[in-house]
1. Please work out the FRET efficiency for the pair residue 141 and residue 225, using the Cβ-Cβ distance as r and a Förster radius of 22 Å; give the result to the nearest 0.05.
2. Multiplying the sequence separation of residue 218 and residue 88 by 0.36 nm and subtracting their Cα-Cα distance, what value in nm do you get?
3. Can you work out D for the range 171-242 in µm² s⁻¹ from Stokes-Einstein, where Rh is the Kirkwood radius over C-alpha pairs, the temperature is 10 °C and the viscosity is 1.306 mPa s?
4. Which values of log₁₀ I(q)/I(0), to two decimal places, follow from the Debye formula for the chain at q = 0.06, 0.07, 0.12, 0.15 Å⁻¹ with a uniform point scatterer at every Cα?
5. Note the full-extension length gain between residue 180 and residue 104 as 0.36 nm times their separation in residues minus their Cα-Cα distance, in nm to one decimal.
6. Tell me, what is the percent relative contact order of the range 85-202, built from C-alpha pairs under 8 Å that lie six or more residues apart?
7. Can you send over the carbon and sulfur percentage of the accessible area for the chain, probe radius 1.4 Å, protein chains only?
8. Rounded to the nearest 0.05, what FRET efficiency do residue 1 and residue 237 give with R0 = 45 Å and r taken as the Cβ-Cβ distance? Could you check?
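The values are calculated or read from the model by the stated rules, or taken from the named source; none is laboratory data. Small disclaimer: the values here were computed from a predicted structure and weren't measured. With ideal geometry, Cβ positions are generated from the backbone for all residues, glycine too; neighbour counts draw on all protein chains shown. Ligands, DNA and RNA are stripped out before the accessible areas are found, and what is left, the full protein with its side chains, is counted by its heavy atoms. Shrake-Rupley method; radii C 1.70, N 1.55, O 1.52, S 1.80 Å.
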Amino acid sequence: MFNLSISSGVCPNSLKIAKVIPIYKKDDSALVSNYRPISLLPSISKILEKIVHKRLYNFLNSNNLLIPNQYGFRKSHSTDYALIKLYDKIIHSLSNKEHTFGIFMDLSKAFDTINHEILINKLHNYGIRGTSLAWFKDYLKNRKQYVVYESEKSQELNITCGVPQGSILGPLLFILYINDIVKSSQLLTFIIFADDTNILYSHKDLNTAISTLNNELSKIQLWFKCNKLSLNIRKTNFMYFRNVHSPQIQCNILISGSTVEALWYSAWYVLSSLDQRTRIRTPTPRITTPRITTPRTVTR
């Protein structure tokens, strides 16, 4: 069945139906926003997806198509590697006596708002063609979901956008979707973990740094708009990294005319926290006391 699905470019509709269970998080239980939706797919669909995932991931890796800035959902990558990159960049900039800014972006419902047409075009541009592309088109269309809460079950509704939640392929398709965000700016340093997009920029002149950063952020916002992703400006922050004795400077960082809220910490505090997280701990060798054997008394 799996070979027939892949060779024919068709994903069975019975494998596209998701069961959604809302899990209560906190606060007012009467508000839908206080529940986390858990999506469950048929077990057999995950086997098929795992086969396709392995082929797609190997293709992307063998052709070096995934950006090195992405540390999420990839083998031999983790948050620790992302933090080491962040730590190294900040240390290097401060050593050069540069004004360094970090922008920490939050996307609204990133996985749920992926545009299928744009995703298919990106797959085509990365070299997924013919029957393989047809399979992904069929995989994304005619998807449905229903909600089960206690003993009640809703009617099935069509899913018109987003990558399938609870799927094997979803995370890989997502990082492929945002893979070209680094092309939106040639001046900024991107450090990305899944949908958490972190940006660094430094310059010796403070006014130049702020002006350039605002200009480049407008380019990134344009990329979000073209790819139909929404930036949550209320949860997006910036940090001005400075030495512990440097005075605080009021900086006006803007995205689409909205002011980005600042987080005020000294560089020493942040870097100390990062150092504790990224430090490679050398195991302490065990010191063992040699066992002393007392000779037994020999009796006749």
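1. Values: r = 25 Å, r/R0 = 1.12.
Calculated transfer efficiency: 0.35.
2. Numbers: separation 130, 0.36 × 130 = 46.80 nm, distance 2.60 nm.
Extra length available between residue 218 and residue 88 comes to 44.2 nm.
3. Working: Rh = 13.3 Å.
Estimated diffusion coefficient is 119 µm²/s.
4. Relative scattering, expressed as log10 I(q)/I(0), comes to -0.30, -0.39, -0.93, -1.24.
5. Values: separation 76, 0.36 × 76 = 27.36 nm, distance 1.81 nm.
Between residue 180 and residue 104, full extension yields an extra 25.6 nm.
6. On the way: 118 pairs, mean separation 43.0, N = 118.
Contact order relative to length: 36 percent.
7. Carbon with sulfur: 53 percent of the solvent-accessible area.
8. Working: r = 48 Å, r/R0 = 1.08.
That pair, residue 1 with residue 237, gives E of 0.40.
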